[in-house]
Amino acid sequence: MFEECYENGGKLLIAGNGGSAADSEHIAGELMKRFKITRPIGKELADKLNAKRANDAKVVLEKDAKLQNSLVADGCNVCGNVEFSILFAGATVAKGATVNSSIIMPGAVIEEGAVVGENPEKSENLDEWGVSVIGADVTIGKDAKIKAKTTIAQDVKGGQTV
């Protein structure tokens, strides 16, 4: 079932709340490794996975970039400041851009001078604070500002505040 899902471009989502969340995390961990018994996969799928792994780009972290308490996937280009955030594969944070307490989906681009999210300690009203999410392949234009607790699913022009 998992192999068929992968071959058809699908994904497996595992979620839970409370004790079920712990169970979900355990299942995901088991799926990321081999279990106790090595289970062979077909040569065709193994070749696909190995080719993908060989083509995955590494993270580019520029000299003046600042990266703190964040998770950055392969293929990201970080030239600006990223704090307490998650960057998915292929995300770009340009020089002079700031990403804080946010989730940046695959292929998203945060252009120069843009600010995404906010540090909760700097928030005037914690009821208005929350994680910001930038959708896949979305571009946040130069000097744009994305407030905390905002989800963006389409491009934002330079200089805009959302």
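Below is a table of values for the structure above.
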quantity	calculated
Scope the range 91-107; condition farther than 19 Å from GLY158 by Cβ and either in contact (Cβ under 8 Å) with a residue 40 or more places away in the chain or open to solvent by 30 Å² or more (accessible area, probe 1.4 Å) (or both); matching residues	SER101, ILE103, MET105, PRO106
Index of the failed condition, ILE103 passing every other in (1) within 28 Å of GLU7 (Cβ to Cβ); (2) out of contact with any strand residue (DSSP E or B) (no Cβ under 6 Å at 6 or more places or on another chain)	(2)
Cβ-Cβ under 7 Å pairs, at least 6 apart or on other chains, the range 132-160 side farther than 14 Å from THR92 by Cα, far side surrounded by fewer than 20 Cβ atoms within 10 Å (Cβ to Cβ) and acidic (Asp, Glu)	ALA148/GLU128; LYS149/GLU128; GLY158/ASP143; GLY159/ASP143
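The values are calculated or read from the model by the stated rules, or taken from the named source; none is laboratory data. As the structure is a computational prediction, the values presented were derived from the model and not from experiment. Don't worry about glycine lacking a Cβ; one is built from the backbone with ideal geometry, like all the others, and counts go over all protein chains shown. Ligands, DNA and RNA are stripped out before the accessible areas are found, and what is left, the full protein with its side chains, is counted by its heavy atoms. Shrake-Rupley method; radii C 1.70, N 1.55, O 1.52, S 1.80 Å.
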